[in-house]
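Everything below concerns the one structure shown next.
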Amino acid sequence: MISRRDLIKTGMAAGAAISIPSLLRAQTSPSTDQTVRMVIDNLSVFDPVVTTADSTYTHAFAVYDTLFGTDSQFAPHPQMVGKWDVSDDRKTYTFELRDGLGWHDGTPVTATDCVASIRRWGQVAPGGQLLMARVRDISKKDDKTFAIALKEPLGALLNILAFQGPFIMREKDANLSPAEQVTANIGSGPFKFNHALARPGASFTYDRNEKYVPRTEAPDGLAGGKIVKVDRVIWDIGLFADQQTALAALHSGEIDFLLAPPLDLLPVIESDPNLELQVLDKAGSDYLLRMNCLQKPFDNVKARQAMLHLVDQEAMMRAAVGDPKYFRTVTSMFGNETPMSNDENTEWFKKGGDPEKAKQLFKEAGYDGEKVVILQPTDWAAASNASQLLAAELRKIGLNAELAPSDWGGVVARRANKGPVEDGGWSIFITTEPEAILGNVITDVTLPMNGESGWFGWPKNDEYEALRVKWADLETLEERKVLARKMQQIWWDYVPSVLLGQSVAPSARRKTLTGLIGVPAWIPFWNMQKAEA
């Protein structure tokens with residue numbers, strides 16, 4: 001077994017080979033009592049425009065701020081914006097930044113920064129792309145004010161800006177291509193990224209932004225006052241790769257928080273009077289496998305349909321999650337519990353899967369022995385186990401399935417490769433999407449089918465996209481439910497993804513750490529409090 005010391009040494013060695021600009025001096029070391037150590041996930045990409053990985057978003061919510069934020073009911077509220085209004089024809093929105101917003105380098109946040117950030121985000125994010133298709137102009141009015149002028153009204157505009165909307169960056173960072181990662185890590189958010197203490201592969205450190213001016217409203221979801229109550233957060237990457245060592249560190253008090261402890265070890269946690277289990281994301285997440293629609297064999301719809309029939313969700317979730325009390329099957333593309341969930345075109349789902357039907361469909365697809373590469377995140381046990389089971393099931397029906405093991409950071413990097421597997425591309429990767437997000441048709445990154453400008457896998461279906469775009473114009477829930485059924489009819493004929501099941505997982509924390517805000521997928525660092533042990 002690799003010891004914690006070995007892990008840290010390995011991480012430091014890796015850190016020497018990875019370039020992260022040392023733009024800031026190390027902050028004065030805070031007291032240990034007000035330093036929170038957390039094991040969350042791996043973190044290798046720091047730019048939320050380049051990837052949608054949950055770890056990247058958790059980093060971004062600490063370092064950057066957003067124009068609007070969503071509360072616990074997913075309603076939008078101003079965050080960086082102080083005042084806003086809309087013209088009588090509802091085509092022009094004007095936004096004024098609130099007072100006291102400054103970058104971590106000491107310069108003020110301006111409207112120019114906001115305009116550049118919206119334009120960069122708008123090139124890749126689903127909601128941003130919809131917004132940009134409706135935009136006539138985005139322009140600065142003065143240093144604190146900018147306006148978005150639309151070709152036609154867009155009733156969902158504030159929801160789009162609030163939910164996975166743009167993280168605001170300095171203009172010079174936001175002027176980079178969306179494909180080029182911003183590495184400066186200088187935002188205007190409640191925490192400052194400590195470059196001097198960055199140890200890629202081992203840990204990253206975030207210090208309280210003493211000049212951050214929070215809103216006055218109570219925190220609610222990702223909205224309200226982002227009040228920082230600790231001096232420092234250390235994101236322990238090294239321990240993420242060894243959950244048993246991480247759990248030992250939690251017991252000893254070396255760390256304060258473990259996002260996803262192994263389910264078979266939950267009784268051990270429950271027996272420790274100093275620890276507590278807490279479900280932060282009460283709606284849970286849906287596991288899904290994504291296929292590369294640009295390359296063989298999954299550029300053929302018959303091959304993608306074959307995967308629907310092959311997958312046995314219960315077997316997959318037993319491999320990934322283990323205890324059945326933490327998972328159930330799911331057949332709607334909108335999840336089990338969102339208002340959009342429906343049963344249209346889900347008759348393909350049968351308990352236990354149908355390998356013979358899958359074999360027949362691969363034959364009809366003209367499968368001729370092409371290599372099927374499954375990206376296997378070895379530092380994420382659930383997805384790693386499910387990947388191994390999937391590879392075994394594919395081999396049973398005659399496919400040339402091959403696992404490509406790496407850490408999750410490696411998966412995140414490789415999944416952006418659109419090329420064939422012989423050139424470093426991929427065929428399948430497994431991920432999760434928060435159930436609560438699946439009902440947000442405009443902003444969820446996994447739901448568009450807009451080809452190479454969309455999310456990894458790059459499915460393309462113009463009829464479906466025409467329906468999705470209509471979403472922003474509908475006024476009632478009933479109208480949206482009707483549209484959701486039409487979308488799902490096309491979705492399961494085309495098959496851009498295959499669902500593996502829905503799960504809910506508790507996090508573990510020391511009882512001295514309180515105030516964690518429960519939102520889907522991400523871990524806000526603000527509002528946490530740490531009492532003396």
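The values are calculated or read from the model by the stated rules, or taken from the named source; none is laboratory data. This is a predicted model, so every value here is computed, not measured. Every residue, glycine as well, gets a Cβ built from its backbone with ideal geometry; the counts of neighbours run over all protein chains shown. These area figures cover heavy atoms from the full protein model, side chains too; ligands, DNA and RNA do not enter into them. Shrake-Rupley method; radii C 1.70, N 1.55, O 1.52, S 1.80 Å.
I need the strands (runs of 3 or more DSSP E) fully contained in segment 139-217, keeping only those with at least 1 residues that are within 15 Å of Ala111 (Cα to Cα) and among the β-branched types (Val, Ile, Thr).
Counting at least 1 such residues, we get 145-150.
Is one or more of the residues making up segment 174-193 in contact with a Ser or Thr (Cβ under 6 Å, 6 or more places away or on another chain), open to solvent by 40 Å² or more (accessible area, probe 1.4 Å) and in contact (Cβ under 8 Å) with a residue 60 or more places away in the chain?
Going residue by residue through segment 174-193, those that are in contact with a Ser or Thr (Cβ under 6 Å, 6 or more places away or on another chain) are 174.
When the remaining residues are screened for being open to solvent by 40 Å² or more (accessible area, probe 1.4 Å), the result is none.
No, the conditions are met nowhere in segment 174-193.
Give me a count of the residues in segment 491-533 that are open to solvent by 30 Å² or more (accessible area, probe 1.4 Å), closer than 14 Å to Ser285 by Cβ and in contact with a Gly (Cβ under 6 Å, 6 or more places away or on another chain).
1
Could you please find all residues in segment 268-291 being closer than 21 Å to Val445 by Cα and either open to solvent by 50 Å² or more (accessible area, probe 1.4 Å) or not in a loop (DSSP other than H, G, I, E, B) (or both)?
Answer for segment 268-291, where residues must be closer than 21 Å to Val445 by Cα and either open to solvent by 50 Å² or more (accessible area, probe 1.4 Å) or not in a loop (DSSP other than H, G, I, E, B) (or both): Lys282, Ser285, Asp286, Tyr287, Leu288, Leu289, Arg290, Met291.
So, in segment 80-112, how many residues would count as being assigned to a loop (DSSP other than H, G, I, E, B), over 19 Å from Ile442 (Cβ atoms) and of a type outside the set (Gly, Ala, Ser)?
So in segment 80-112, the residues assigned to a loop (DSSP other than H, G, I, E, B) come out as 80, 87-91, 98-101, 103-107, 109-110.
Retained after the next criterion (residues that are over 19 Å from Ile442 (Cβ atoms)): 80, 87-89, 98-101, 103-107, 109-110.
Imposing the further condition that a residue be of a type outside the set (Gly, Ala, Ser) reduces the set to 80, 88-89, 98-99, 101, 103-105, 107, 109-110.
Number satisfying all stated conditions: 12.
For segment 383-408, what are the residues that are touching a Pro at 6+ places or on another chain (Cβ under 9 Å) and touching a residue at least 24 places away in the same chain (Cβ under 8 Å)?
Ala383, Ser387, Glu393, Lys396, Ile397, Leu399, Pro405, Ser406, Asp407, Trp408 - these are the residues of segment 383-408 that are touching a Pro at 6+ places or on another chain (Cβ under 9 Å) and touching a residue at least 24 places away in the same chain (Cβ under 8 Å).
All but one of (1) touching a helix residue (DSSP H, G or I) at 6+ places or on another chain (Cβ under 9 Å); (2) modelled with pLDDT of 95 or more; (3) open to solvent by less than 20 Å² (accessible area, probe 1.4 Å) hold for Thr70; which doesn't?
With respect to (1) touching a helix residue (DSSP H, G or I) at 6+ places or on another chain (Cβ under 9 Å); (2) modelled with pLDDT of 95 or more; (3) open to solvent by less than 20 Å² (accessible area, probe 1.4 Å), Thr70 is out only on (2).
Could you tell me which of the residues Ala365, Ala381, Ala391, Ala413 is of a type in the set (A, V, I, L, M, F, W, C) and under 19 Å from Gln502 (Cβ atoms)?
Within the list Ala365, Ala381, Ala391, Ala413, the selection yields Ala381.
Identify, from the list Gln34, Gln79, the residue that is touching a strand residue (DSSP E or B) at 6+ places or on another chain (Cβ under 7 Å), modelled with pLDDT of 50 or more, surrounded by fewer than 18 Cβ atoms within 10 Å (Cβ to Cβ) and under 18 Å from Lys226 (Cβ atoms).
Of Gln34, Gln79, the one residue that is touching a strand residue (DSSP E or B) at 6+ places or on another chain (Cβ under 7 Å), modelled with pLDDT of 50 or more, surrounded by fewer than 18 Cβ atoms within 10 Å (Cβ to Cβ) and under 18 Å from Lys226 (Cβ atoms) is Gln34.
Among the residues of segment 146-159, is any open to solvent by 30 Å² or more (accessible area, probe 1.4 Å) and closer than 25 Å to Leu43 by Cα?
no
Let me spell it out: the conditions are (1) surrounded by fewer than 17 Cβ atoms within 10 Å (Cβ to Cβ); (2) at pLDDT 95 or above; (3) more than 26 Å from Arg328 (Cβ to Cβ), and Arg485 meets all of them except one. Which number is the exception?
That leaves (3) as the condition not met.
Identify, please: which residue in segment 356-382 is in contact with a strand residue (DSSP E or B) (Cβ under 6 Å, 6 or more places away or on another chain) and within 22 Å of Ser406 (Cα to Cα) and is, among those, surrounded by the fewest Cβ atoms within 10 Å (Cβ to Cβ)?
Applying the filter and picking the extreme gives Lys371.
Since His195 meets every condition but one in (1) modelled with pLDDT of 95 or more; (2) under 23 Å from Gly82 (Cα atoms), which condition does it not meet?
Result: His195 fails condition (2) only.
With under 26 Å from Arg208 (Cα atoms), open to solvent by 10 Å² or more (accessible area, probe 1.4 Å) and of a type outside the set (Phe, Trp, Tyr) as the only criterion, which of Leu259, Leu294, Leu265 stands out?
Matching residue, one of Leu259, Leu294, Leu265: Leu259.
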